[in-house]
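J.: Quick one: the structure is below, questions incoming.
Where a number appears in this text, it was derived from the coordinates with a stated rule and is not lab data. If you're wondering where the values come from, they're calculated on a predicted model, not measured in any experiment. All Cβ positions, even for glycine, are placed from backbone atoms using ideal geometry, and neighbour counts span all protein chains on display.
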Amino acid sequence: MTTAAALTWQRRRESAARFWKQYRRHRAGLLGLAALALFVVIALTAPLTVGSDVASVTEAPGRPMESPSAEFPLGTDRFGRDLLGLLVWGSRVSLLVGLLAAVLSVLIGGLVGITAGHFRGPYATVVMRVTDWFLVMPTLVLAIALATVMSRSLGTIVLAIGVTIWPTTARLVRAQTLAVESRPYIERAKALGGGHWHIMSRHVLPNVMPLILAQTTLMISTSILSEATLAFLGLGDPTVVSWGGMLQEAREAGAVSSGDWWYLVPPGIAIAVVALAFTLCGRAVESVLNPRLGVGR
Amino acid sequence: MTASTVTPLLSAQGLHVTFPGRPGAAPARAVDGVDLGIRAGEIVALVGESGCGKTTLARALLGLVTPTAGRVDFAGKPLSYTSRDLKSYRRRVQLVLQDPSGSLNPRHTVYDAVAEGLRIHGYDGDERKAVTQALSQAGLRPPERFFLRYPHELSGGQRQRVVIAGALVLNPELIIADEPVASLDASVRGEILALLLRLRDELGLAALVVTHDLGLAWNIADRVAVMYLGRIVETGAVEDVLTAPRHPYTQALLSVVPEAPGTPVILTGEPPDPARIPSGCRFHARCQILASGEAERTGVADACRTRDLEVLGGGGGAQVACHWARPGVGA
């Protein structure tokens, strides 16, 4: 089967190339991808460029609340730390939490959606009512409640965001599962003797995968925003630097009333740009992969 | 057709399938009492108009819908509906669906589609060899060239062959084909039919072919069963039923075949509704014999309107469910 395996790989490369060719047509998607690549490079190289010392309060290089200068392009915070360094260092937490929480939420949503679409009956009714309940609950309130009762750590934040934003994914995946399940090849698989697991894993999952991928990219920006919100409300992990946490510190230090814009604006813009970049990418991926949006495969 | 005493491979006895109607409406009796037997190596055609319950009967025979009443016997034993028994049953009986484009997963290669059955049943032999053999039996040669194709790269006929190969790969004893060639053009249709006949001769495969096409039934079937509104109204050897039809419904069906002699009989009355099956003979509201007064003359008109007909036996002999066509009455 060596030649067959090689051919399979060739096919995969071809379909990846086809995907890229179609993706390239979306200018907004390319812009989002470029912004994203920039942020990822900054986050990955942060240990080399700024290092973890940047968050140290005791060895702060400058005086508190310095305005932007040649030495500190974005000024300093209330402890005299370099804000540009903090911004770069904070991107790591924001991206990591956003990614993990999105993956968690899509895992839950995908599982719930596929099983609810496949089994129907009382199981689906119960599961979908639970989903509805999560859908109408104010996400932020639920996340705050979760983050409050559990210990303060990054894992808690990931969990709190992940378990609150999955219902939209579950609904989408269930709808797509129902559409796939009505196709004749599902009946053929049943007549061949395929059980529930076979149908869900071999037929439904590959067909809802594009939707799940697009949904993941879109969910990352939601997660990043949620993480920033939780951190701003003081529910984040106080030992790590994140953009939301920087905003919260700025507020506590009175940056709003004293007009220290360099303390507030950069993290805010960074959050907005990353969320926007992921949304642009997600929309482009969605329109390439989802034929229902009018872009054929 | 001397083997009518032999136990059929697959048989239905008094099979009823009822679908619940909307709240307040009567339930639809899609299959309303059917006896049908298929012996090993025999091709039976099930013909009838759209909505007469052919597909539901086929699905019930496969265990894809649970009958409301009656039972399905396979190899002399009643079909059990536990998931393990159904799985082993579905190794021996295979389904070929009408729409070859829809019955293949667009994300699976031909190889995966054919090997699917083997993988489900945990085949421990050489999977590649089995797939190769099934593809070449289905007429896709050389098989290796098709392994990594996707369904959208194949023609309709090739797709249907892949579906048939996927059914053959498990060496089934019986294939249930629901409109196997309805969506194919005439040249491909001929190839697929020749394929079915060859498989019957080479492998002793039995088949139930569900179709609305009498020409198809004539070409491949040994025996034909005509279905009307959930029940079989006429059955017998294909030559008898299609050359000398006795049931007025079969006569009407045959008279509208393009090359049929005589004037076509256009059935009047509303199309049948399985939720409102008329009393008496279920065909009487549209029967041209009754409408022309022919039944009146032979004195069976009252029976047509009021007396229910019994379910025809599933065996091989020629039978008809019609008061007028009974021996000793009328023509």
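J.: Just how many % of Cα pairs in the range A:91-153 lie over 16 Å apart, if you round to the nearest whole percent?
T.: 61 percent
J.: Now a separate question. For the range A:163-281, what is one quarter of the convex hull surface built on the Cα atoms, given in nm²?
T.: Its average projected convex-hull area is 9.5 nm².
J.: Can you check how the C-alpha radius of gyration of chain A compares to 2.2 N^0.38 Å, as a plain ratio?
T.: Details: Rg = 22.6 Å, N = 297, 2.2 N^0.38 = 19.1 Å.
It is 1.18.
J.: Name the most mobile residue of A:T131, A:T222, A:T239, meaning the one with the largest mean-square fluctuation, in a Gaussian network model of chain A with Cα contacts below 10 Å.
T.: Judging by the Gaussian network model, the answer is A:T239.
J.: Kindly give the semi-axes, whole Å and largest first, of the ellipsoid equivalent to the range B:1-110, taking each as the square root of 5 times a Cα gyration tensor eigenvalue.
T.: With the √(5λ) rule applied to the range B:1-110, the semi-axes are 23, 22, 16 Å.
J.: Could you give the nm distance between label points at B:S80 and B:D308, where each point is 7 Å from its Cα heading toward the beta carbon?
T.: 3.3 nm
J.: A follow-up question, please. Ranked from highest to lowest mean number of other Cβ atoms within 10 Å per residue, what is the order of the peptides B:61-70, A:90-99?
T.: Per-residue Cβ counts within 10 Å, averaged per peptide and sorted highest first, yield A:90-99, B:61-70.
J.: When only alpha-carbon atoms count, how far does the range A:49-199 stretch along each of its three principal axes, as whole angstroms with the largest first?
T.: For the range A:49-199, the Cα extents along the three principal axes come out at 74, 31, 22 Å.
J.: Follow-up question, since we're still on this one. Measuring from label point to label point, each 7 Å out along Cα→Cβ, what is the B:S292 to A:L38 span in nm?
T.: Taking the two extended label points, one gets 8.6 nm.
J.: What share of all Cα pairs of chain B, in percent, falls into each consecutive 20 Å distance bin?
T.: 30, 55, 14, 0
J.: Which of the peptides B:270-277, A:276-283 is most tightly packed, and how do the rest follow, going by the mean number of other Cβ atoms within 10 Å of each residue? Display every interim value, and only then the final one.
T.: Details: B:270-277: 14.8, A:276-283: 22.2.
Packing proxy ranking, top to bottom: A:276-283, B:270-277.
J.: If you count, for every residue in A:177-190, the Cβ atoms of partner chains within 10 Å of its Cβ, what is the mean?
T.: Across A:177-190, the average partner-chain Cβ count within 10 Å equals 5.
J.: About its Cα centre, how strong a charge dipole does the protein assembly as shown have in debye, to the nearest 20, once Lys and Arg get +1 and Asp and Glu get -1 at the Cβ?
T.: So the magnitude is around 260 debye.
J.: If you don't mind, another one. Run the numbers on the range A:1-143 and let me know its relative contact order in percent, using alpha-carbon pairs under 8 Å that are six or more apart.
T.: Details: 92 pairs, mean separation 19.6, N = 143.
Contact order relative to length: 14 percent.
J.: Sticking with this structure for a sec: On a 0 to 90 degree scale, rounded to 10, what angle separates helix A:139-149 from the longest Cα axis of chain A?
T.: Once rounded, one gets 70 degrees.
J.: Separation between the A:W20 and A:Y123 pseudo-spin-labels, each 7 Å from Cα along Cα→Cβ, expressed in nm?
T.: It is 4.1 nm.
J.: Additional query: Once Rh for the range B:186-229 is found with the Kirkwood sum over Cα pairs, what is the Stokes-Einstein diffusion coefficient at 25 °C and 0.890 mPa s, in µm²/s?
T.: Value of D from the Cα-based Kirkwood radius: 217 µm²/s.
J.: Then there is this: What Kirkwood radius, in Å to one decimal, follows from the Cα pairs of the range A:1-48?
T.: Evaluated over the range A:1-48, this radius sits at 13.2 Å.
J.: Working only with C-alpha atoms, what are the Rg and Dmax values of the protein assembly as shown, expressed in angstrom?
T.: Using the Cα atoms of the protein assembly as shown, the pair Rg, Dmax is 33.9, 117 Å.
J.: Find the centroid of the Cα atoms in the range A:209-235 and in the range B:34-86, then give the distance between the two in whole Å.
T.: After rounding, the separation between the Cα centres reads 52 Å.
J.: Normalized C-alpha radius of gyration of the range A:118-184, against 2.2 N^0.38 Å?
T.: 1.38
J.: Follow-up. Going by alpha carbons, how many degrees (0 to 90, nearest 10) lie between the helix axis of A:27-49 and the longest principal axis of chain A?
T.: Helix A:27-49 sits at roughly 50 degrees to that axis.
J.: Let me know the longest stretch in chain B that avoids all GluC sites (Glu not before Pro) found in a DSSP loop with at most 14 other C-beta atoms within 10 Å.
T.: Longest site-free region, per DSSP loop and neighbour criteria: B:1-258.
J.: Using Cβ counts within 10 Å as a stand-in for footprinting exposure, how do B:Y123, A:Y123, B:Y228 rank, fewest first?
T.: A:Y123, B:Y123, B:Y228
J.: Just for the Cα atoms in the range B:236-292, what are the lengths along the principal axes, largest first, rounded to whole Å?
T.: Largest first, the range B:236-292 extends 33, 24, 19 Å along its Cα principal axes.
J.: Now for a separate question. Sort A:174-186, B:241-253 by packing, meaning the average of other beta carbons within 10 Å per residue, with the highest value first.
T.: Numbers: A:174-186: 19.2, B:241-253: 21.9.
Ranked from most to least packed, the peptides come out as B:241-253, A:174-186.
J.: Would you please state which residues of the range B:225-245 a label at B:T68 would reach in this model, taking the label point 7 Å out along Cα→Cβ and a backbone N cut-off of under 20 Å?
T.: B:227-233
J.: Nearest 10 degrees is fine. How inclined is helix B:83-92 to the longest principal axis of chain B, computing both from alpha carbons?
T.: 90 degrees
J.: Can you give the mean number of other chain Cβ atoms that lie within 10 Å of the Cβ atoms in peptide B:104-111?
T.: Averaged over the peptide's residues, the number is 5.
J.: Percent relative contact order of chain A, based on C-alpha pairs within less than 8 angstrom and at least six residues apart? Show your work: numbers first, answer last.
T.: Values: 411 pairs, mean separation 72.7, N = 297.
Result for chain A is 24 percent.
J.: Largest first and in whole Å, give the semi-axes of the range A:1-86's equivalent ellipsoid, each being the square root of 5 times a Cα gyration tensor eigenvalue. It would help to have the intermediate numbers written out before the result.
T.: Values: eigenvalues 430, 61, 9 Å².
The three semi-axes for the range A:1-86 are 46, 17, 7 Å.
J.: Positive end of the dipole of the range A:1-84, charges at C-beta (+1 Lys, Arg; -1 Asp, Glu), about the Cα centre: which of A:A5, A:F72, A:A46 has its Cα farthest in that direction?
T.: The Cα lying farthest towards the positive end belongs to A:A5.
J.: Report the convex hull volume per residue for the range B:155-247, counting only C-alpha atoms, in Å³.
T.: Dividing the Cα hull volume of the range B:155-247 by its residues yields 103 Å³.
J.: Taking every alpha carbon pair in the range B:232-331, what does the distance histogram look like in 10 angstrom bins from 0, in percent?
T.: P(r) for the range B:232-331, in whole percents per bin: 15, 47, 35, 3.
J.: Which of the lysines could be linked to B:K129 by a straight reach, that is with a Cα gap under 27 Å, when you skip same-chain ones fewer than 8 residues away?
T.: A:K190, B:K87
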